[in-house]
1. Applying the selection to region 277-291, what residues are more than 16 Å from R21 (Cα to Cα) and under 18 Å from the mean Cα position of the chain (by Cα)?
2. Kindly establish whether R290 is buried (at least 24 other Cβ atoms within 10 Å of the Cβ) and outside any helix (DSSP H, G or I).
3. In the list D441, D433, which residue meets the criterion of being farther than 24 Å from P278 by Cα, crowded, with 17+ Cβ neighbours inside 10 Å and modelled with pLDDT of 95 or more?
4. Looking at region 131-145, is at least one residue of a type in the set (A, V, I, L, M) and outside any helix (DSSP H, G or I)?
5. Output the residues belonging to region 49-62 that are in contact (Cβ under 8 Å) with a residue 60 or more places away in the chain and either crowded, with 17+ Cβ neighbours inside 10 Å or among the charged types (D, E, K, R) (or both).
6. Scan region 230-246 and report the pairs whose first residue is under 14 Å from G30 (Cα atoms) and of a type in the set (S, T, Y) and whose second residue is in a strand (DSSP E or B) and modelled with pLDDT of 95 or more, with Cβ atoms within less than 8 Å and a gap of 6+ or a chain change.
7. For region 30-48, state whether one or more residues are closer than 25 Å to Y167 by Cα, in the same structural domain as E141 (by TED's automatic domain parsing), surrounded by fewer than 18 Cβ atoms within 10 Å (Cβ to Cβ) and in contact with a strand residue (DSSP E or B) (Cβ under 9 Å, 6 or more places away or on another chain).
8. Select from region 66-98 the residues that are among the hydroxyl-bearing types (S, T, Y) and surrounded by fewer than 16 Cβ atoms within 10 Å (Cβ to Cβ) and list them in ascending order.
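The values are calculated or read from the model by the stated rules, or taken from the named source; none is laboratory data. None of the values given here were measured: they were computed from a predicted structure. Because the Cβ atoms are built from the backbone with ideal geometry, glycine has one as well, and the counts that use them run over all protein chains shown.
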Amino acid sequence: MATEAATENATYEEFLQKVKRISNVQNAAGILGWDQEVMMPEGGTPARSQQRSALSAIAHDLLTDDEMGDYLDDLESRELDDEQAAVVREVRRDYERATRVPGELVEEISRTTSEALPKWKEAKAEDDFSIFAPTLEKLVEQKREYAEHIDPDSDPYEVLFADYEPYLGIETAEETLARLRDELVPLIESVRESDVELATPFEGTYDTETQEELSRDVLDTLGYDWNRGRLDTAPHPFSSGTTFDARVTTRFDEEDPLGALMSTIHEFGHATYTQGLPDEHYGTPLGQSRDLTAHESQSRIWENHVGRSRAFWERFLPAVKERFPDAEGASVEDVYEAANRVYEDNLIRVEADELTYHMHIVVRFEIEKALIRGEIEVEDVAELWNDKYEEYLGIRPDTDAEGCLQDIHWSHGSFGYFPTYSLGSVLAAQLYDSAEEDIPDLEEQIREGEFDDFHNWLTANVHRYGCLYTTDELIEQATGEEFTADYFVEYVNEKYGALYDL
């Protein structure tokens, strides 16, 4: 009996070592991706595309070899504890999807995405979608082929969406986004019809060097672990890494210091989730974030429920005034209003206010669904994008750079990613409501710059579990309820009703 138990344990430990090897290859590829977006010289693309392609192929080969299949078959026939069963469940899912996709296609997609990044940058700089369009067409074809291999009988967009949110389902995404569109479009219209004019205290120019110092101040205030992270700039802000190395990037606009601060806080939310994952499970699903809905909930809870609150600005406004003496006359209420102002003419998602933000998501969601399903062609994208902005937001982009080229995601081949931004925002409101129940003086703690209890609550209810639970299980574990948009809808109606006297 003891020998059989030892054999079982040995099998699981051998399996786990293989899983960790795959994870380390993928994490190394992630660092190369970070470098390409942040520090790599422009001429490095030909070599970098080959390097990332090779690592993608190695990870794919390790995941799909016969030995991995044998481990999974063997372990699924044994009695496992909850943590072991969760690891096997997550690896089985990855294995089944990966074994259906030829390694050659995985390499092709990796190579194309590496080559797509400079094309997207060039197209955006030149304000010319036609520069990026041929690469986008290639990526769409490759991702359709990828989805076809995984499940030829399913909607290809649903297959791609499951790469980013495997458990809530495309129906939940469609229902949630439809509800946000139906609830927010009239709310945005009411805001526009309001006679209330919110304050705009930051007028003029604010040098980027001092803005960077202020971004470091805000990361210090919120509790970023610099020993396991760093701050850099990138054309499109992002966060990446592992529990031991969770990096953030931001970008600066001399006329919009609040934009950089909100971006930094947003990416901090991602990084603090990553840093909060259990060290002892690094390299396994138990040491990885649940999925992008969960990840986006962490960035949005810090950006919107903390960073855009009055309580936060009571704490942080003195730091702004210290860095920028020209802001001396700004009051807490002024900055609170500025941080929550709804802009009628904002065309850029990452600069959008909390309400119109979701219309940006809806537009890309509807377009990329149609693109992957073959209902429209790549050549239709720019015009259709502009039409939908006019329909949902009442504004029409004048340039491709402000329109369909504004976000980097399609150059990554990330079709199906975008709905998780809104799903994450909805979950953030649900989580914050639960946190307030458990931490009755949470607002006062934010006002005092004391974030330990909130960090600990998020770690205890979200971060520490890694992928132990499925998304729906994690949400119920943290909040006692199923995923719902009710809290978000109530939150925005109450907040913006008060701001705009609706």
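1. Answer for region 277-291, where residues must be more than 16 Å from R21 (Cα to Cα) and under 18 Å from the mean Cα position of the chain (by Cα): L277, S289, R290, D291.
2. yes
3. When all the criteria are applied, what remains is D433.
4. no
5. Within region 49-62, S49, R52, S53 qualify.
6. S239/A246; S239/R247; S239/V248; S239/T249; S240/A246; S240/R247
7. yes
8. Of everything in region 66-98, just one residue is among the hydroxyl-bearing types (S, T, Y) and surrounded by fewer than 16 Cβ atoms within 10 Å (Cβ to Cβ), namely S77.
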